[in-house]
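Right, one structure below, let's go through it.
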Amino acid sequence: DYILQIRKSCKRMAALIRDLLQLSQVHRSDLELGEVDLSAIASHVLSELRHGEPQRTVTSKIEWGAIAIGNEGLLKIVLENLLGNAWKYTSKKSHTEIEFGCYQDEDLVYFVRDNGAGFDMAHSEKLFSAFGRLHSKSEFEGTGVGLAIVHRIIERHGGRIWAKSQVDGGTTFYFTLSIQL
């Protein structure tokens with residue numbers, strides 16, 4: 001039992017170190033730009049999540065044709081984090097719904113929506129800061145760094161990110177990207 005606890009703690013520490021390194025490197029790496037098919041990335045990420053937990057009942061909707069200008073590797077990290085969070089925070093639902101899409105406003109706005117645990121918007125100022133968790137570690141695992149990484153990547157792409165949520169009513173993350181080729 002002690003060895004299992006030590007192993008679990010080591011895995012958590014390794015994940016935290018990986019996330020902190022990723023956070024520190026977002027502003028240092030060269031930004032190679034191109035057209036990025038966010039729909040294809042979202043589909044791949046959700047497929048990987050399904051493969052990891054095939055017993056879950058998940059309805060996903062992906063709007064095809066969501067193309068962005070940006071760095072493919074960094075934008076993949078954005079979708080891995082946002083869709084991964086949607087997957088994680090819907091884990092206690094009997095039926096999960098996750099959606100990725102976009103719509104035209106003043107800018108093209110991309111979104112990830114879920115029907116999960118949600119959060120109280122009164123605490124949303126903590127959302128994009130490192131270790132600014134809105135749920136306890138015992139309730140949902142994680143390092144508390146993922147959304148800080150996402151925020152930095154979106155800023156690096158000249159965009160912005162925000163969320164709307166309701167406790168036990170799901171969450172939608174919205175983001176824009178303003179880089180042009």
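Calculate how large, on average over all directions, the projected area of the Cα convex hull of the stretch 68-114 is; give the answer in nm² to one decimal.
Average projection, Cα convex hull of the stretch 68-114: 3.7 nm².
With N denoting the number of residues in the stretch 36-106, provide Rg(C-alpha) divided by 2.2 N^0.38 Å, to two decimal places.
Relative to the rule-of-thumb radius for its length, the stretch 36-106 sits at 1.13.
In the neighborhood of Asp37, defined by Cβ-to-Cβ distances under 13 Å, what is the net charge if each Lys or Arg adds +1 and each Asp or Glu adds -1?
Local charge sum for Asp37: -2.
Compute the distance in nm between two label points, each set 7 Å from the Cα along the Cα-to-Cβ direction, one at Glu63 and one at Gln166.
2.1
Grab the other residues whose beta carbon is less than 10 angstrom from that of Ile67, score K and R as +1, D and E as -1, and report the net.
-2
So, by mean Cβ neighbours within 10 angstrom, what's the order for 52-61, 103-112 with the highest one leading?
103-112, 52-61
Report ³J(HN,Hα) in whole Hz for each residue of the stretch 93-98, in order, from the Karplus equation J = 6.51 cos²θ - 1.76 cosθ + 1.60 where θ = phi - 60°; Gly and Pro get x.
The phi angles translate into 8, 6, 9, 9, 10, 10 Hz.
Readers should treat all values here as calculations from the given coordinates under stated rules, not as data from a laboratory. Everything quoted here is computed from the prediction, not taken from an experiment. Cβ coordinates were reconstructed from backbone atoms using ideal geometry, including for glycine residues, and neighbour counts include every protein chain displayed.
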